[in-house]
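The values are calculated or read from the model by the stated rules, or taken from the named source; none is laboratory data. Quick caveat: nothing in here was measured; it's all calculated off a predicted structure. Cβ: placed from backbone, ideal geometry, glycine included. Neighbour counts: every protein chain shown.
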Amino acid sequence: MGRLHPEKADATNLTRPRPLFGAWEKVSRCCGAPCASGNPAGISPDALAARQAGVGIDAQHKLRKMAGHAVDSSQTAGGLEPAHVIVLGDYPLDKSRFGTLDLVDGASYLQQTIGTAFPAKVPNGARFLVVFDAYFDDSGTHAGSQVVTIGGYVSAPFRWLLFESEWQDALDDFGIDFFRMSQFANRAGVFQGWTEGQRRARLPRLIEIINRNAIMSVGVGIDRKLFDSVISEKAKAFVGGAYGLAFSCIAIEISKEISKVHPEAQVAYVLESGTAGAGEILKVFQENLKDPVYAKELRILSLRFEDKRRYLPLQAADILAYELYKHLPKQPTSPSNARYPLRELSSIPRRWFTPDEDSLRTFSAVLEIKASL
């Protein structure tokens with residue numbers, strides 16, 4: 001495989017220390033419940049409960065009416081007391097069966113939920129996970145595209161929290177809701193009115209935020225014609241298509257690197273919802289679940305498809321995927337002759353490559369073996 005940067009990032013590069021205090025502040029603000037930093041917004045406990053549950057007061061009224069309870073209009077501002085008995089048909093479900101139901105902050109909820117994912121034989125004190133979050137986007141989905149590209153970033157959860165805070169501040173300063181690289185590059189949409197000075201100042205700011213918070217970037221470009229001519233039908237059926245192969249390459253590369261940090265490290269993947277290759281990527285994920293050997297190789301903890309407007313790291317992945325699409329596989333050997341954004345994004349540990357014909361033949365042979373197991 002041709003690589004833009006041959007040196008490997010060691011565990012030191014992947015785990016360089018960052019301050020945790022800012023991340024904890026972010027958690028305390030975003031989880032919607034009082035924690036170490038208190039409740040600076042002065043939100044009432046009932047409103048906090050509604051926010052945490054994602055249910056507004058009006059919706060709570062409707063739900064309670066459906067359950068056969070009268071709603072006191074005086075409770076609109078202060079929230080609703082929980083019903084002691086919810087009537088479902090003719091069978092009364094007594095709240096006492098649930099024990100004490102207390103509000104928990106988001107971090108505690110996740111800790112409890114992850115704990116239940118372990119087999120019962122694993123003692124509570126040994127239920128630990130080393131998890132990295134990876135956000136990826138694709139490019140080259142339009143008709144006539146000769147290359148399928150997937151690119152994105154891996155980082156620790158607390159770093160993504162810092163990233164989100166900095167990125168949102170930048171968007172607010174720019175007066176936009178979200179950033180899309182294709183529109184920026186073509187001066188379309190909200191970017192149409194940006195002056196050249198604004199463009200030269202704002203994109204570097206976003207790139208600095210990415211480089212400051214991401215641990216590493218990974219990108220793969222698959223030549224469609226080579227894929228169609230070299231990959232066997234049996235191998236294609238296993239990965240679903242070029243997108244599936246690209247995602248497999250991504251997962252393999254990330255697995256190699258995070259294993260240097262911790263032998264049991266796992267990756268939670270997030271991709272943009274509506275991506276053209278979602279079905280192929282899901283197929284790879286399902287194969288990962290079925291085969292313990294494959295699962296250990298790829299280290300995929302979870303896979304989700306989310307809205308780029310709501311999950312800000314996907315906007316960073318969008319920039320990388322777009323730039324790699326412009327660069328791979330046309331010039332796979334060096335970032336020095338790449339466009340400005342890609343040159344700047346190359347300053348952190350990375351794996352950017354496009355499989356050549358020989359590499360694709362090797363992939364095809366390996367996938368055929370996996371498909372036969």
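This table checks each residue for (1) in contact with a strand residue (DSSP E or B) (Cβ under 7 Å, 6 or more places away or on another chain); (2) of a type outside the set (S, T, N, Q); (3) modelled with pLDDT of 95 or more.
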site: ASP173; (1), (2), (3): no, yes, yes
site: MET181; (1), (2), (3): no, yes, yes
site: TRP194; (1), (2), (3): no, yes, yes
site: LEU206; (1), (2), (3): no, yes, yes
site: VAL239; (1), (2), (3): no, yes, no
site: ALA242; (1), (2), (3): yes, yes, no
site: ALA251; (1), (2), (3): yes, yes, no
site: ILE258; (1), (2), (3): yes, yes, no
site: VAL261; (1), (2), (3): no, yes, no
How about the stretch 208-225: which of its residues are at pLDDT 95 or above and of a type in the set (Asp, Glu)?
GLU208
Just one listed residue, out of VAL239, VAL270, VAL261, VAL230, is hydrophobic (A, V, I, L, M, F, W, C) and in contact with a Phe, Trp or Tyr (Cβ under 6 Å, 6 or more places away or on another chain), and it is VAL270
Which one of ARG212, ARG304 is assigned to a strand (DSSP E or B) and among the charged types (D, E, K, R)?
ARG304
Checked against (1) touching a Phe, Trp or Tyr at 6+ places or on another chain (Cβ under 9 Å); (2) under 16 Å from PRO313 (Cβ atoms), GLN168 satisfies every condition except (1)
Exactly one of ARG310, ARG199 is surrounded by fewer than 20 Cβ atoms within 10 Å (Cβ to Cβ), in contact (Cβ under 8 Å) with a residue 12 or more places away in the chain and in the same structural domain as ALA185 (by TED's automatic domain parsing), and that one is ARG199
Any chance ILE215 is among the β-branched types (Val, Ile, Thr) and within 16 Å of the chain's Cα centre (by Cα):
yes
Quick one: LEU162 ticks every box in (1) farther than 22 Å from ARG339 by Cα; (2) surrounded by fewer than 19 Cβ atoms within 10 Å (Cβ to Cβ) bar one, so which box is it?
(2)
Search result, residues across the stretch 308-346 that are at pLDDT 80 or above, assigned to a loop (DSSP other than H, G, I, E, B) and basic (Lys, Arg):
LYS308, ARG309, ARG310, ARG339
Residue check: is ILE207 under 17 Å from GLU323 (Cα atoms), surrounded by fewer than 21 Cβ atoms within 10 Å (Cβ to Cβ), in contact (Cβ under 8 Å) with a residue 24 or more places away in the chain and within 21 Å of the chain's Cα centre (by Cα)?
yes
List the number of the failed condition for LYS370; all other conditions in (1) assigned to a helix (DSSP H, G or I); (2) touching a Lys or Arg at 6+ places or on another chain (Cβ under 8 Å); (3) of a type outside the set (Val, Ile, Thr) hold.
(2)
Within the stretch 156-191, track down each residue that is within 23 Å of TYR243 (Cβ to Cβ) and of a type in the set (S, T, N, Q).
SER182, GLN183
Residues located in the stretch 252-287, provided they are among the aliphatic types (A, V, I, L, M) and not in a helix (DSSP H, G or I):
ALA265, VAL267, ALA268, VAL270, LEU271, ALA276
Take the conditions assigned to a loop (DSSP other than H, G, I, E, B), loosely packed, with under 13 Cβ neighbours inside 10 Å and either in contact with a Phe, Trp or Tyr (Cβ under 8 Å, 6 or more places away or on another chain) or not basic (Lys, Arg) (or both) and apply them to GLY193. Does it pass?
yes
Please work out if ARG224 is over 25 Å from GLU164 (Cβ atoms) and in the same structural domain as ARG310 (by TED's automatic domain parsing).
yes
